[in-house]
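A quick write-up on the structure given underneath.
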Amino acid sequence: MATNKFLLGVLCLVIAYGNGLFGSGTLGIEGGRRLGVREEFRGLGVAWLTGETKRWLVVDSLRRKVVELAQSQIGVREFGSNNQGRVVEAYLAYTKMKPGSPWCAAFVSWVFGQAGCAQPKTAWSPDLFPLARQTLDPQPAAIFGIYFQSLKRIAHCGLVEKRQGKYIITIEGNTNTAGIRDGDGVYRKWRHKKTIKYFANWLNKIEKEGLR
């Protein structure tokens, strides 16, 4: 009987999540302040959940938050000299880089940081694809990397918003309408999956040091 009540409680919680109890898939708001992942789940009384169910709820909420934060930056543009501008420089500063530096990886890191994740935090795109983080099943909030033969390395990256057939819809910084690696802003792009070398899932393990 206790087991049945537990399973029923989990089912009701998942249904409530899908129906918008959690802010229509976004993190809750308290007094006009967006709640962090830990705060939201504590406030909704899910502390009693343990194991895989709790982890799934946290990861799914965090994935949504990362995507929403990235979406909020679409339209940001450089201002003045190459790779500069107030918002672009904030991305770079997050990874301790000077204005004028390439910033696609800094943008990705900044988004994760704003979502409450301590990692990744780098302005060097190859660092975003360690073997332990690579995945063949890119979900929203995964990181994609494009390999440049001329540089013999991953030299552009961004975030997966969603998949659409053979295409990956992305949100990426330091690109433009043509999708180059040294553009002028944050754009939403459609990229064929075959053009992407690696995907990385930085939410595949929620560790103690992974959330602030």
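The values are calculated or read from the model by the stated rules, or taken from the named source; none is laboratory data. The structure displayed is predicted, hence computed values, not measured ones. Backbone-built Cβ (ideal geometry, glycine too); neighbour counts: all protein chains shown.
The set of residues in the range 117-128 that are surrounded by fewer than 19 Cβ atoms within 10 Å (Cβ to Cβ) and part of a loop (DSSP other than H, G, I, E, B) comprises 118, 119, 121, 122, 124. Scanning the range 63-79 for residues that are without any contact (Cβ under 8 Å) to a residue 60 or more places away in the chain and farther than 22 Å from residue 202 by Cβ yields a single hit, 79.
Once the range 89-116 is narrowed to residues that are in contact with a strand residue (DSSP E or B) (Cβ under 7 Å, 6 or more places away or on another chain) and surrounded by fewer than 22 Cβ atoms within 10 Å (Cβ to Cβ), the residue that is modelled with the lowest pLDDT is 116.
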